[in-house]
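Asker: Here it is, the structure in full.
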Amino acid sequence: MGLDKLQLLLVEDDIDLATAVIDYFELENIQCDHAANGLSGLNLIKSNHYDVAILDLNLPKMNGLEVCESLRAQGIDVPILMLTAKDTLDDKLLGFSKGADDYLVKPFAMQELIARVQVLSRRRSGQVTKLTVCGLELDSQQQLISWGSTPLKLSPTSFKILEILMRASPNPVSREKLIQSVWGDEQPDSNSLKVHMFNLRKVLDGHVDNGSESKLIHTLVGRGFVLKNERQG
């Protein structure tokens, strides 16, 4: 693990279990905040940055599923690991449908909890269906994209490219990862990505700041593409 401490939130009403988990995290150089009910956990996640949130399923005030659903509805993409005593497939599918990224069934080994947290911390959640980045608003379920109140018209492929860039922002996405994520094993011809990026930039640049020199998609030599709002001089 790197020098920077992971910042976690544990939402668990079993104080003995919470204390044991937090003490173990501390030994692993992981910083962990704690909330004893779902409502407090929800408010902490909304007001702080966490690399991963660990939610117990059965919580007072708001259960883990309700917290998860509320976060995703607000476009908050913190990765969520759900802790539960229920290990049936239906329970897990319900949790995933509400926006959970991973499941761990009680009782669990601390080493497995650490391993799952470290994997989740390397990415933001793909469960969020509504994204707002740099003034762009994207709804992946409805396949809608808008700039403020102005709907934008994109091809399905351009929409997918933009969604990938928005989920990664402000981090860059390599050309190879974009191609793999959009086309999978069916590799496009060599100009396909270039054409879609050109069209995507044309649509975005026609709306951002009414066509001024404020660009959203930037090419980083050797690193790929990044979506961020910077004026180019």
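Asker: Choose one answer from E28, E163, E66: the residue with the largest mean-square fluctuation in a GNM of the chain with alpha-carbon springs under 10 Å.
Answerer: Maximum fluctuation in the GNM of the chain, among the listed residues, is at E28.
Asker: At q = 0.14, 0.21, 0.24 Å⁻¹, what is the base-10 log of I(q)/I(0) for the range 17-106 according to the Debye formula with one equal point scatterer per Cα and no solvent? Please give it to two decimals.
Answerer: The Debye formula, applied to the Cα set alone, gives -0.46, -1.05, -1.33.
Asker: Which Rg and Dmax, in Å, describe the Cα atoms of the range 148-206?
Answerer: For the range 148-206, the Cα-based Rg and Dmax read 11.7, 36 Å.
Asker: Right, something else. Taking 0.36 nm per residue of sequence separation and subtracting the Cα-Cα distance, how much length would be gained by fully extending the chain between Q74 and W183, in nm to one decimal?
Answerer: This chain segment gains 36.3 nm when fully extended.
Asker: So which aspartates and glutamates pass the test for K215, namely a Cα distance under 14 Å, with those fewer than 8 places away in the same chain ruled out?
Answerer: D205, E230
Asker: Determine how large the accessible area of I164 is when every protein chain is in place; take a 1.4 Å probe and give Å² rounded to the nearest 10.
Answerer: Approximately 30 Å² for this residue.
Asker: Given 10 °C and 1.306 mPa s, compute D for the range 7-55 with the Stokes-Einstein relation, Rh being the Kirkwood radius over Cα pairs; round to the nearest whole µm²/s.
Answerer: My calculation gives 149 µm²/s for D.
Asker: Under a point spin-label approximation (7 Å from Cα along Cα-to-Cβ), what is the E176-S155 distance to one decimal in nm?
Answerer: 2.5
Asker: Write down the radius of gyration of the range 54-115 and its Dmax, each obtained from C-alpha positions, in Å.
Answerer: 11.3, 32
Asker: Shifting gears a bit: Quick one: accessible surface of R116, probe radius 1.4 Å, all protein chains present, in square angstrom to the nearest 10.
Answerer: 70
Asker: Out of D189, D87, D16, any idea which swings most in a Gaussian network model of the chain, alpha carbons joined below 10 Å?
Answerer: Looking only at D189, D87, D16, the largest GNM fluctuation is found for D189.
Asker: With charges set only on the Cβ (+1 for Lys and Arg, -1 for Asp and Glu), what does the dipole of the range 1-110 come to about its Cα centre, in debye to the nearest 20?
Answerer: 320
Asker: Turning to a different aspect of this structure: What number comes out for the charge environment of F159, summing +1 per Lys or Arg and -1 per Asp or Glu over other residues with Cβ under 15 Å away?
Answerer: Here the count lands on +3.
Asker: If you don't mind, another one. Using only Cα positions of the chain, each an equal point scatterer, no hydration layer, compute I(q)/I(0) via Debye at q = 0.11, 0.14 Å⁻¹ and quote the log10 values to two decimals.
Answerer: Debye output, listed in q order: -0.65, -0.95.
Asker: Another question, if that's okay. Cross-link candidates for K98: which aspartates and glutamates have Cα within less than 15 Å, leaving aside residues fewer than 8 places away along the same chain?
Answerer: Output for K98: D56, E66, E69, D77, D90.
Asker: Could you identify which residue out of V182, V78, V221 has the top mean-square fluctuation in a GNM of the chain using Cα springs shorter than 10 Å?
Answerer: V221
Asker: If you don't mind, another one. In this model, which of K130/K177; K106/K160; K5/K86 are farther than 28 Å apart at the alpha-carbon?
Answerer: The pairs that break the limit, which is 28 Å between Cα atoms, are K106/K160; K5/K86.
The values are calculated or read from the model by the stated rules, or taken from the named source; none is laboratory data. What you see is a predicted model, and the numbers here were worked out from it, not measured in a lab. Every residue, glycine as well, gets a Cβ built from its backbone with ideal geometry; the counts of neighbours run over all protein chains shown. Calculation scope for accessible area: heavy atoms of the full protein, side chains included, ligands and nucleic acids excluded. Shrake-Rupley method; radii C 1.70, N 1.55, O 1.52, S 1.80 Å.
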